[in-house]
1. List the number of the failed condition for Gly388; all other conditions in (1) over 23 Å from Ile310 (Cα atoms); (2) not in a loop (DSSP other than H, G, I, E, B); (3) not hydrophobic (A, V, I, L, M, F, W, C) hold.
2. Just one of the numbered conditions (1) within 17 Å of Val157 (Cβ to Cβ); (2) in the same structural domain as Glu458 (by TED's automatic domain parsing); (3) more than 28 Å from the chain's Cα centre (by Cα) is not true of Ser213; which one?
3. If you check Ser423 against the conditions, is it at pLDDT 95 or above, surrounded by 23 or more Cβ atoms within 10 Å (Cβ to Cβ) and of a type in the set (S, T, N, Q)?
4. Scan the range 167-188 for residues that are of a type in the set (Gly, Ala, Ser) and more than 18 Å from Phe455 (Cα to Cα) and jot them down.
5. Between Ile382, Ile443, which is surrounded by fewer than 18 Cβ atoms within 10 Å (Cβ to Cβ), at pLDDT 95 or above, more than 24 Å from His307 (Cα to Cα) and among the β-branched types (Val, Ile, Thr)?
6. Inspect all residues belonging to the range 360-374 and state whether any of them is outside any strand (DSSP E or B), surrounded by fewer than 15 Cβ atoms within 10 Å (Cβ to Cβ) and not aromatic (Phe, Trp, Tyr).
7. Being among the small types (Gly, Ala, Ser) and without any contact (Cβ under 8 Å) to a residue 40 or more places away in the chain is the filter; apply it to the range 195-244 and report the residue that is nearest to Ile290 (Cα to Cα).
8. All but one of (1) in a helix (DSSP H, G or I); (2) modelled with pLDDT under 95; (3) among the β-branched types (Val, Ile, Thr) hold for Val256; which doesn't?
Amino acid sequence: MNMNKFFRILLVALLASVSVVSCDPPLEDPVENTGNNGGGGDSPSRPSQPTSSVPEEIQQADQFAINTLGVYYLWNKEINSDLDKLAPTKCMDPVEVVKQIRYHENGKEVDHWTVLTKDLESMTSSVEGLGLSFGYDLTGMWVDETQTSLVFIVNYVAKDKPAAKAGLKRGDIIWTLNGQSITMNNYSDLFYASSVTLQVQHGLESKELETVSMEANNDWEDPVLLDTTYSVGDKKVGYLVYNSFDIKTMETLPEVFRKFKKEGIEELILDLRYNGGGFVKTECELASMIAPFANVVNNDVYQTEVHNEILTEAWKNQMDFNTYFSTSFEYKDANGKYDINEDISDANVDLKKLYVIVTGGSASASEGLIVGLGPYMDITLIGGKTYGKYCSGYMLSPKDVYGSSSQFDYSKIGNWGIYVMISKFADKDGNNSAIPDGIPVDIEVKDDVLDGFQFGDENETMLKAALKAAGKADTRGTVGHSNPFGAEFVSHIAPKGILLKELPGQSNIQIR
């Protein structure tokens with residue numbers, strides 16, 4: 001069935017039902033009856049036209065949120081009664097209400113990720129590694145005990161972006177922003193302003209401050225920061241620093257692995273410490289270049305997903321809930337921006353051992369890769385427990401949900417959208433070690449951005465631990481230092497967008 005038609009049928013049934021008792025849908029008519037259930041209990045009705053002080057744009061946004069949460073949301077049954085808080089004639093702030101009603105369990109917020117947005121275009125751009133950016137990632141630290149002033153430490157800079165061209169590098173310390181101390185009131189300009197002037201200390205050993213000016217740009221941010229190879233005893237170990245599973249690297253990652261294969265690596269250190277996620281196709285492609293070759297050519301199950309009852313019933317005859325290893329990958333988007341066709345049969349390195357560097361900034365597709373490969377490989381995790389994002393979601397626009405049907409007026413909310421959790425991923429056996437709070441590591445090591453070493457230096461703190469786990473003896477000591485700053489304020493992981501997959505029959509975006 002065409003998905004636009006399906007969702008129009010489903011939404012018509014949902015909106016038409018005023019007080020429907022939950023029941024099992026008859027097998028002969030699964031779609032419409034599943035829609036009537038609306039997740040169980042009373043389904044939200046389409047509003048009549050009473051006088052209301054709520055602007056028409058907000059009313060349409062309220063209704064859009066009700067419709068998508070009622071049909072798509074993984075926990076739609078659990079929050080069904082809370083959808084009344086989005087009543088279009090009463091709710092003035094649907095963005096905040098969606099955050100409030102997303103799923104909690106025993107008072108604990110389980111879903112941290114579902115969000116309604118007024119600017120879906122910007123969210124989509126960030127998913128693709130685009131958007132106005134200086135091309136760096138920062139961690140903030142308080143300077144004084146009163147917690148009034150901040151410094152920001154550079155975690156990394158992306159290739160050919162403004163920060164790299166200005167000479168910034170990992171471990172640099174940003175002291176001032178546009179001639180002023182950095183505070184809670186102005187720090188966001190470090191990430192979202194169009195231009196900045198900074199005073200920068202190049203590492204703890206430097207005694208000078210350099211003034212640096214940068215203009216943000218919209219260029220693609222390459223998430224491959226480094227790929228290299230080390231000799232560890234009589235074996236070769238590859239090292240890849242990878243910061244986002246974005247779609248464009250489906251074309252570049254195979255070249256990295258062909259080089260690894262030519263160099264004869266037997267083991268790989270995959271550095272995902274700052275990787276918050278990416279396209280599912282890219283994740284699966286990377287997994288298919290790492291996994292045992294026999295499993296890849298056999299197209300064995302890599303992952304599986306669980307949806308709510310509505311989507312499970314509606315998609316059971318047209319969508320395979322499994323993802324498989326493969327030797328070839330294709331991706332075409334609806335706007336013609338990407339047309340990718342990759343044969344990776346010669347890029348699989350058939351690894352004997354995988355080491356993965358992770359932190360609390362390793363989320364979603366990063367966790368998915370570890371979970372999916374787990375049953376097939378010997379994996380050692382090094383660093384700190386991962387973030388714990390074990391869900392996938394769709395980024396949906398009103399057009400995606402309503403199609404061209406004139407019954408649903410969304411003319412005032414064309415650039416609104418919602419990122420809504422629709423499924424939980426698991427390995428081939430239905431297990432997910434990221435649930436509920438992240439994947440624990442085998443070797444604990446703290447990311448020390450002030451250790452004085454760049455990515456790829458064998459003495460950089462986390463790489464050194466990974467090489468030691470692979471059997472390499474220490475060659476030098478680390479640079480001694482003590483952190484002169486106070487508590488960590490925020491670790492800023494750029495929103496690069498996270499696990500994308502097509503809906504059956506159309507090209508909506510799914511994010512992990």
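1. That leaves (2) as the condition not met.
2. (2)
3. No.
4. Answer for the range 167-188, where residues must be of a type in the set (Gly, Ala, Ser) and more than 18 Å from Phe455 (Cα to Cα): Gly179, Ser181, Ser188.
5. None of the other options fit; the residue is Ile443.
6. Checked the range 360-374: no residue is outside any strand (DSSP E or B), surrounded by fewer than 15 Cβ atoms within 10 Å (Cβ to Cβ) and not aromatic (Phe, Trp, Tyr).
7. Restricting to residues being among the small types (Gly, Ala, Ser) and without any contact (Cβ under 8 Å) to a residue 40 or more places away in the chain, the top hit is Ser231.
8. Status for Val256: all satisfied but (2).
The values are calculated or read from the model by the stated rules, or taken from the named source; none is laboratory data. This is a predicted model, so every value here is computed, not measured. So basically every Cβ, Gly included, is an ideal-geometry build from the backbone, and we count neighbours across all protein chains shown.
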